[in-house]
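Report on the following structure.
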């Protein structure tokens, strides 16, 4: 008895094609600004004694800085000019 359990992985075209690869200018701007917004919010919260929400902003900063923006920059997902991409937005 031979059971073929091979599962075919979907192609990009099956998932939506080129639409999955398009990033709008607004999305790029938001992705580049979010780390700075989180950092500013952290300093404002921490300086006013709101340490717990400040720590939450550090977690958000950590998330938006590496797994989100940096990953997309490394893979050139934003299709920025090379000099701008190298600066990190």
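Read-outs: derived from the displayed coordinates by stated rules, not from any lab. Predicted model, so just to flag it, every value in this text is computed and none were measured. Neighbour counts run over all protein chains shown; Cβ positions are idealised from the backbone, glycine included.
In table form, for the structure just shown:
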{"quantity": "Identity of the residue in region 28-55, closer than 22 Å to residue 80 by Cβ and free of Cβ contacts under 8 Å to residues at least 24 places away in the same chain, that ends up surrounded by the most Cβ atoms within 10 Å (Cβ to Cβ)", "calculated": "39"}
{"quantity": "Residue in region 20-27 that is surrounded by 11 or more Cβ atoms within 10 Å (Cβ to Cβ) and in contact with a helix residue (DSSP H, G or I) (Cβ under 9 Å, 6 or more places away or on another chain) present", "calculated": "yes"}
{"quantity": "Test for residue 63: is it free of Cβ contacts under 8 Å to residues at least 12 places away in the same chain, surrounded by 10 or more Cβ atoms within 10 Å (Cβ to Cβ) and touching a helix residue (DSSP H, G or I) at 6+ places or on another chain (Cβ under 9 Å)", "calculated": "yes"}
{"quantity": "Evaluation of residue 58 against (1) out of contact with any helix residue (DSSP H, G or I) (no Cβ under 6 Å at 6 or more places or on another chain); (2) on the phi < 0 side of the Ramachandran plot (one fails), failing number", "calculated": "(1)"}
